[in-house]
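Peer 1: Dropping the structure in here first, questions after.
Read the figures in this text as sums done on the coordinates, not as results from a lab. Please read all numbers here as calculations on a predicted model, not as lab measurements. Don't worry about glycine lacking a Cβ; one is built from the backbone with ideal geometry, like all the others, and counts go over all protein chains shown.
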Amino acid sequence: MNRIHKASILVLMAIFALGGIALRGYPDELESNAGFHQEKDVGPKEETGKAEEVTLISVYDNTQVNPELQTGWGFGTVVKTSQETLLFDTGGDSEILLANMEKMKIGPESIDKVMISHIHGDHLGGLKGFLEVNDHVTVYIPSSFPRGVKEMITKQGAEVVEISKPQSISGCLYSTGELVGPPQEQSLLIHTTKGLIVMTGCAHPGIETIVKKAKEIFSEQKVVLAIGGFHRPSPAVVKGLRALGVEKVAPSHCTGDRAIEAFKKEYGDDFIAYGVGKIIEIN
């Protein structure tokens with residue numbers, strides 16, 4: 001385990017111990033899982049719902065689109081469908097997260113569900129503060145999370161659902177299930193009438209691995225958009241996503257400047273600059 005990973009876990013322990021695509025921008029120790037709810041797995045052949053319209057809103061990132069919003073190392077995106085609103089990751093600081101949501105006129109109470117990709121503090125750190133203002137949510141976390149995290153969520157009043165295998169979140173929203181990192185990580189799949197959207201927190205298992213998993217779960221669907229942190233992929237990975245048929249990309253957070261430039265070059269008009277303040281509409 002490297003120093004950064006150790007530091008992230010120590011910080012988390014301290015925190016919990018204390019308690020068509022259209023774009024719109026703005027200026028420019030594992031313990032038992034007993035007692036926690038687990039839902040039915042979704043197999044690759046299962047009939048699934050498709051969304052006609054989806055809106056993705058970046059509310060936390062270390063890259064910036066709207067200069068009026070605060071940046072912070074981490075990732076957080078609001079996913080709006082006609083049925084519900086989900087927050088994917090909460091960044092590292094709830095004050096930044098909530099302030100950005102307020103400026104973008106997204107009330108915390110409008111969030112129905114929260115999905116956390118993996119254990120690192122820059123994706124999980126804002127959760128406790130968020131639950132202090134909205135505890136009427138279901139929180140979907142990898143089943144490998146320490147018991148202390150699960151207990152923190154339930155003590156705040158929210159419901160915990162543990163994810164291990166691919167399964168439905170509801171409607172058009174699905175989890176890839178935990179994929180091997182380290183750390184273990186889940187990604188969000190959004191099933192739309194245009195195809196699949198694959199959203200990653202940090203893509204520790206590898207962005208190609210995640211996209212392949214998505215295509216395995218939904219074998220008849222193309223991937224219209226891969227979005228999120230891609231964890232500093234090599235140029236070969238950039239071309240690998242093209243070979244997998246990923247139509248558009250919106251890399252941010254931990255992707256790295258060099259990789260982002262490589263994506264720009266490879267994807268051209270199909271590259272989307274993503275960061276806090278960006279709004280992507282799929283309809």
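Peer 1: What GluC sites (Glu not before Pro) does the stretch 216-283 have in DSSP loop regions with at most 14 other beta carbons within 10 Å?
Peer 2: Glu220
Peer 1: In nm, what is the difference between 0.36 nm times the number of residues separating Thr154 and Asn283 and their Cα-Cα distance?
Peer 2: 42.9 nm
Peer 1: Could you list, in their original order, any pairs among Lys50/Lys213; Lys128/Lys213; Lys213/Lys239; Lys50/Lys265; Lys105/Lys264 whose Cα atoms are separated by more than 21 Å?
Peer 2: Exceeds cut-off: Lys128/Lys213; Lys50/Lys265; Lys105/Lys264.
Peer 1: Taking amide hydrogens as modeled 1.01 Å from N in the peptide plane, which residues meet the under 5 Å criterion relative to Ile163, leaving out close sequence neighbours?
Peer 2: Correct list: Ile141, Ser143.
Peer 1: Which ordering of Ile210, Ile106 is given by a fewest-first count of other beta-carbon atoms within 10 Å?
Peer 2: Lowest to highest Cβ neighbour count: Ile106, Ile210.
Peer 1: Hey, can you grab everything whose amide H is under 5 Å from the amide H of Gly92? Only 5+ residues off in sequence or another chain; H modelled, so Pro and N-termini drop out.
Peer 2: Sorted by chain and number, the residues that satisfy this are Phe75, Gly126.
Peer 1: Quote to one decimal, in nm, the extra length available between Glu109 and Ser219 on full extension: 0.36 nm per residue of separation minus the C-alpha distance between them.
Peer 2: Full extension of this stretch gives 36.1 nm more.
Peer 1: Can you give the charge dipole size of the stretch 50-282 about its Cα centre, rounded to the nearest 20 debye, using +1 on the beta carbon of Lys and Arg and -1 on the beta carbon of Asp and Glu?
Peer 2: Rounded to the nearest 20 debye, it is 640 debye.
Peer 1: Please identify which residues in the stretch 61-84 have an amide N closer than 12 Å to a label point set 7 Å out from the Cα of Ala273, following the Cα→Cβ vector.
Peer 2: 64-67
Peer 1: Round to a whole angstrom and tell me the spacing of the C-alpha centers of the stretch 92-116 and the stretch 211-274.
Peer 2: Spelled out, the Cα-based centre of one part sits 26 Å from the other.
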